[in-house]
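Report on the following structure.
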Amino acid sequence: MKIRDGFVLRQVADATIVVPAGEASMDFNGMITLNETAAFLWRLLEKETTEEELVAAMLGEYDVDEERAKAGIKRFVEKLGKEGLLK
C-alpha cells in the first residue's frame with residue numbers, strides 16, 4: 001500500500017499536516033493534522049509498504065508492544081483507506 005499521489009506532508013510550526021496538491025485538491029478539501037506517530041507512518045507510506053513493514057518499523061521506533069502497534073496501524077490504515085488516501 002502507498003499514499004495516493006497528490007498529498008504533501010508539511011511541518012507548520014508545531015503541527016504536521018497533510019494537504020492535497022494539484023488534482024488531489026479537486027477530490028479532497030481541507031487538510032489533515034497528524035500526531036507524531038501518524039506522521040511517522042505516513043512517511044513510510046510515501047513509498048510502497050506492507051502492513052508488516054509498518055509494524056516492524058513502529059516496534060523499532062517506539063516503546064510499544066506488537067499487539068498495540070498492529071491495532072493502531074490497522075486503525076490508521078483503515079482511516080486513510082476510507083478517505084481515499086491510499087492506492
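What follows is calculated from the coordinates using simple rules that are stated; it is not laboratory data. These figures come from a predicted structure and were not determined experimentally. Glycine also receives a Cβ, built like all others from the backbone with ideal geometry; neighbour counts cover every protein chain displayed.
May I ask for the net charge around Thr49, where only other residues with Cβ less than 11 Å from the Cβ of Thr49 are counted and Lys, Arg are +1 while Asp, Glu are -1?
So the surrounding residues net to -2.
For the stretch 30-70, which trypsin sites (Lys or Arg not before Pro) are both in a DSSP coil and crowded by at most 11 other Cβ atoms within 10 Å?
Answer by residue number: Lys47.
Please report the relative contact order for the chain, taking Cα pairs under 8 Å with a sequence separation of at least 6, and give it as a percent rounded to a whole number.
Relative CO of the chain lands at 31 percent.
Across the chain, how many lysine pairs, 8 or more apart or on two chains, come within less than 16 Å at their alpha-carbon atoms?
10
Along Cα→Cβ, 7 Å out, is where each label goes; now give me the distance between the ones at Lys74 and Met31 in nm to one decimal.
Those two pseudo-labels are separated by 3.3 nm.
If a/c stays under 1.5 just call it rounded; otherwise compare a/b with b/c (prolate if a/b is bigger, oblate if not). Do that for the stretch 1-63, with a ≥ b ≥ c from the square roots of the Cα gyration tensor eigenvalues.
oblate
Each residue of the stretch 14-25 in order: what ³J(HN,Hα) in whole Hz does its phi give by Karplus 6.51 cos²θ - 1.76 cosθ + 1.60, θ = phi - 60°, with x for Gly and Pro?
9, 10, 9, 10, 10, 10, x, 9, x, 4, 4, 5
Note down the magnitude of the dipole of the stretch 7-82 about its Cα centre, charges +1 on Lys and Arg C-beta and -1 on Asp and Glu C-beta and zero elsewhere, to the nearest 20 debye.
I would put it at about 300 debye.
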